[in-house]
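**Q** Provided herewith is a single structure, encoded as structure tokens, for subsequent inquiry.
The values are calculated or read from the model by the stated rules, or taken from the named source; none is laboratory data. Quick caveat: nothing in here was measured; it's all calculated off a predicted structure. Cβ coordinates were reconstructed from backbone atoms using ideal geometry, including for glycine residues, and neighbour counts include every protein chain displayed. Areas reflect the complete protein model, heavy atoms only, side chains present, ligands, DNA and RNA absent. Shrake-Rupley method; radii C 1.70, N 1.55, O 1.52, S 1.80 Å.
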Amino acid sequence: MGQAYGFFEIPSVTAAVVAIDIMCKTAEVQLVTWEKKLGGRLVTIIIRGDVAAVSQAIETAAANGIKKPVSHVVIV
């Protein structure tokens, strides 16, 4: 299956770390980078892996994180 990138924006660094943990434990994905904006009040997480793994990781983190994501998308 092809490669995909997942983008996940969430408020606060703590919520971002929890979301990264959930994503990496849920599926076989790799953390590409994360970037803090607005002094850490908004964090963008970028992961990669195969399409199914990235989709599963993003959806699981959105459903089970400590804060709701501002936005999330999977790019194939």
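**Q** For the chain, what's the radius of gyration and Dmax over Cα atoms, in angstrom?
**A** 11.1, 37
**Q** Note the angle between two axes, namely the Cα long axis of helix 13-26 and the longest principal axis of the Cα atoms of the chain, as a number of degrees from 0 to 90, rounded to the nearest 10.
**A** 20 degrees
**Q** Can you tell me which aspartates and glutamates have their Cα less than 16 Å from the Cα of K37? Leave out same-chain residues fewer than eight positions away.
**A** Partners found: E9.
**Q** With runs of 4+ DSSP H residues as the only contributors, calculate the mean residue ellipticity of the chain at 222 nm using -39,500 (n - 2.57) per run, divided by the residue total and rounded to the nearest 500. Don't skip to the answer; put the middle values down first.
**A** Working: 2 runs with 28 residues, N = 76.
My calculation for the chain gives -12000 deg cm²/dmol from helical runs alone.
**Q** Hey, what's the chain come to in accessible area per residue, 1.4 Å probe, Å²?
**A** On the way: 4370 Å² over 76 residues.
That works out to 57 Å² per residue.
**Q** Right, something else. For S12 paired with K25, estimate the spin-label separation in nm (one decimal), with each label point 7 Å from Cα along the Cα-to-Cβ line.
**A** 1.8 nm
**Q** Could you give the length gained by full extension between I66 and V51, i.e. 0.36 nm per residue of separation minus their alpha carbon distance, to one decimal place?
**A** Working: separation 15, 0.36 × 15 = 5.40 nm, distance 2.45 nm.
The span from I66 to V51 would gain 3.0 nm if fully extended.
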